[in-house]
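The values are calculated or read from the model by the stated rules, or taken from the named source; none is laboratory data. These numbers were taken from a predicted model, which means no experiment stands behind them. Please note: Cβ atoms are built from the backbone with ideal geometry, for glycine as well, and neighbour counts cover all protein chains shown.
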Ligand SMILES: Cc1cc2nc3c(=O)[nH]c(=O)nc-3n(C[C@H](O)[C@H](O)[C@H](O)COP(=O)(O)OP(=O)(O)OC[C@H]3O[C@@H](n4cnc5c(N)ncnc54)[C@H](O)[C@@H]3O)c2cc1C
């Protein structure tokens with residue numbers, strides 16, 4: 001009898017796991033349980049081309065439904081997995097259905113962090129995680145509509161850019177003192193703030209939200225200083241939390257995400273996890289991390305699939321991420337947390353430059369704005385542990401590609417660590 005793999009969650013990680021397994025002719029049966037009514041789809045366009053109306057819904061799907069049928073993958077959609085019993089190897093759905101498994105992959109992603117202030121449940125207040133959320137926001141956008149966005153992170157600012165294209169009046173309220181504070185340096189944040197303000201977006205930093213005004217429908221957002229920002233629609237983008245509910249209920253070890261090893265295996269040997277929901281060791285960073293990115297969802301799912309196929313290969317990647325706002329493509333290689341120096345290469349006034357982040361003289365991350373060359377180079381140099389001098393980074397005529405590696409650990413040109421051993425990862429985690 002063939003083994004039965006159940007994948008819980010039908011998002012980016014589920015799709016990639018299925019793609020890898022089918023490419024490699026996985027001999028077992030595969031069932032996917034997803035609580036949304038759609039087959040796996042890509043979320044990034046929800047705050048970009050889907051919201052602007054440039055991309056049709058069908059183009060969001062990683063593969064059409066027929067693909068799954070053709071490969072014998074059973075999709076159970078619109079169904080929430082509610083109970084996981086590792087000893088019995090049984091999954092119970094919200095409608096009472098019970099499914100037995102031999103192996104199970106948790107690909108449950110993240111859920112939005114909700115704002116807990118008076119009026120937060122009024123109609124017209126949105127979050128953005130799903131197609132349904134994007135459709136809800138789209139319904140409220142249009143010329144002269146007043147949109148207030150709570151949170152100046154990627155999602156909030158991407159929505160602001162698209163809303164300006166819809167000719168809405170846009171205000172962004174941010175609790176900290178600058179935009180994208182969690183992910184980019186003040187220099188890059190200041191640049192983005194300027195771009196948004198030039199496009200007509202009002203940005204108020206140091207402005208926390210105290211509540212929402214309105215009877216049934218939101219009419220305004222009340223800031224901590226008592227000022228009310230009138231609106232027809234509000235969007236809250238204050239981050240996400242890993243979706244670990246099912247894992248925790250099943251007794252799996254969770255700690256800011258479902259804890260997995262470098263092979264995507266959880267604390268239960270028959271259960272794997274991949275994507276946003278995991279907390280995993282990263283050999284390149286030398287520590288555990290939880291990531292919210294398509295790249296991680298894709299690559300960690302390949303790792304999980306290889307483990308399921310009995311061909312384990314340790315996960316070791318340079319994290320990367322992107323954000324599209326107006327005509328600006330921001331590509332980030334590495335994680336800048338803990339940097340002690342930032343050096344700009346290129347001129348922000350030309351809307352094409354990069355920020356190189358150093359820690360103890362070693363390059364740890366690069367933010368490239370409209371500069372794919374800096375992104376690709378940065379990815380490689382970060383992987384190599386390169387130590388470029390600030391003078392050389394600043395000098396746009398200098399060739400950074402030849403900079404010496406600070407830590408030659410055998411890393412390929414695309415930033416992937418070769419042959420990282422499990423023991424090494426455990427030691428570094
Ligand atoms: C608007 C938006 C824009 C983004 N832009 C970018 C970007 O530009 N670049 C980038 O790298 N990343 C971006 N991301 C992040 C990226 O989309 C995620 O990192 C990626 O989707 C993670 O994939 P995943 O499969 O782990 O989770 P998800 O894609 O979130 O899929 C998880 C699925 O599991 C379902 N689920 C959860 N629990 C259960 C349960 N108990 N039973 C059944 N189903 C369940 C969820 O409803 C969801 O459908 C963006 C995200 C959003 C929302």
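Can you say whether residue 34 is on the phi > 0 side of the Ramachandran plot and modelled with pLDDT of 95 or more, as far as the supplied structure shows?
Values: on the phi > 0 side of the Ramachandran plot: no; modelled with pLDDT of 95 or more: yes.
So residue 34 fails the test.
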Flag for residue 9 being surrounded by 18 or more Cβ atoms within 10 Å (Cβ to Cβ), at positive phi and within 6 Å of the ligand (Cβ to nearest atom): yes
Here is a check on your reading of the model: is residue 184 within 30 Å of residue 355 (Cα to Cα), within 16 Å of the ligand (Cβ to nearest atom) and modelled with pLDDT of 95 or more? yes
Could you pull out the residue among 354, 383, 297, 305 that is assigned to a helix (DSSP H, G or I), touching a residue at least 12 places away in the same chain (Cβ under 8 Å) and within 22 Å of residue 153 (Cα to Cα)? 297
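When you check residue 342 against the structure, is it in contact with a strand residue (DSSP E or B) (Cβ under 6 Å, 6 or more places away or on another chain) and outside any helix (DSSP H, G or I), yes or no?
yes
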Of 332, 271, the only residue that is touching a strand residue (DSSP E or B) at 6+ places or on another chain (Cβ under 6 Å) and closer than 30 Å to residue 160 by Cα is 332
Give the residues of region 2-31 that are in a loop (DSSP other than H, G, I, E, B) and either over 30 Å from residue 165 (Cα atoms) or at pLDDT below 95 (or both), sorted by residue number. 2, 3, 9, 10, 24, 25, 26, 27, 28
Yes/no for residue 3 being within 15 Å of the ligand (Cβ to nearest atom), in contact with a strand residue (DSSP E or B) (Cβ under 8 Å, 6 or more places away or on another chain) and touching a residue at least 60 places away in the same chain (Cβ under 8 Å): no
Looking at 73, 87, 62, can you tell me which residue is surrounded by 15 or more Cβ atoms within 10 Å (Cβ to Cβ) and more than 12 Å from the ligand (Cβ to nearest atom)? 73
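Among the residues in region 229-241, are any within 25 Å of the chain's Cα centre (by Cα), in a loop (DSSP other than H, G, I, E, B) and away from the ligand (no atom under 16 Å from the Cβ)?
Residues of region 229-241 within 25 Å of the chain's Cα centre (by Cα): 233-241.
Retained after the next criterion (residues that are in a loop (DSSP other than H, G, I, E, B)): 237-239.
After this cut, where a residue has to be away from the ligand (no atom under 16 Å from the Cβ) as well, the list is none.
No.
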